[in-house]
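One structure is given below, encoded as structure tokens.
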Amino acid sequence: MSYWISTQSHMKLSIILSYVCLASIAFAESLSDIREKAEKGDAAAQNSLGVIYQNGLKGVSEDQREAFVWFKKSAEGGDVDGQSNLGHMYCSGQGVSKSEFEGAKWLLKAAEQGQMYAQFNIGKCYRDGAGVAKDDAEAYKWFLLSAAQDNTPAKWCIEDLEPRLSQNQREEGQKRAKDFSPKKPWKLFGK
């Protein structure tokens, strides 16, 4: 049952994420404008260019390796969505050799800044022990935080995880979620 929910959640989350990113890019600037900004170091534009390559949008061929390159630049430039996308690419092995450790590192960085999808995905990492030590209370915390932002797949994971938690784990996860305060992203020279 757990695997089915996890797989279904991931599939639905990917579809939702794609529509959100695609809609914002579809109505945004031209590819040349996005590329120009990305090449000048605009981390948000670098993330957008990564999404374009990941999904084959705006007349470019789908290219997971090129998407990875742009997500990495975006993440290193401090863009929280770029960090989340980079973490996902590492965890799934899209465009790069799979590294759950590296993926969890980037997902945690974005999750700590309040990024809903990163919170969901780092919750899965803690639940499954993928790239981090397995910790159901920590997984519960991240699912609660993501679900509080109306992430339906996180709500499904909570429903799946709660029956397996001890009372202490449930209380500890709730305490951690209550005590959570998003970190401010560090930006270099206002970028």
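The values are calculated or read from the model by the stated rules, or taken from the named source; none is laboratory data. From a predicted model like this one, the values you see are computed outputs, not experimental measurements. Glycine also receives a Cβ, built like all others from the backbone with ideal geometry; neighbour counts cover every protein chain displayed.
In table form, for the structure just shown:
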item: The stretch 86-134: number of residues that are free of Cβ contacts under 8 Å to residues at least 60 places away in the same chain, within 25 Å of Lys184 (Cβ to Cβ) and acidic (Asp, Glu); result: 1
item: Sole residue being among the aliphatic types (A, V, I, L, M), more than 13 Å from the chain's Cα centre (by Cα) and within 21 Å of Ile52 (Cα to Cα), chosen from Val96, Val80, Val132; result: Val96
item: Ala67 vs. criteria closer than 25 Å to Asn151 by Cα and at pLDDT 95 or above; result: yes
item: Members of the stretch 29-49 found to be surrounded by fewer than 19 Cβ atoms within 10 Å (Cβ to Cβ) and either under 13 Å from Val80 (Cα atoms) or touching a Gly at 6+ places or on another chain (Cβ under 8 Å) (or both), listed by number; result: Leu31, Gly41, Ala44
item: Any hit, the stretch 84-99, residues being in a helix (DSSP H, G or I) and of a type in the set (D, E, K, R); result: no
item: Of all residues making up the stretch 141-170, the number that are over 12 Å from Gly123 (Cα atoms), surrounded by 13 or more Cβ atoms within 10 Å (Cβ to Cβ) and over 18 Å from the mean Cα position of the chain (by Cα); result: 5
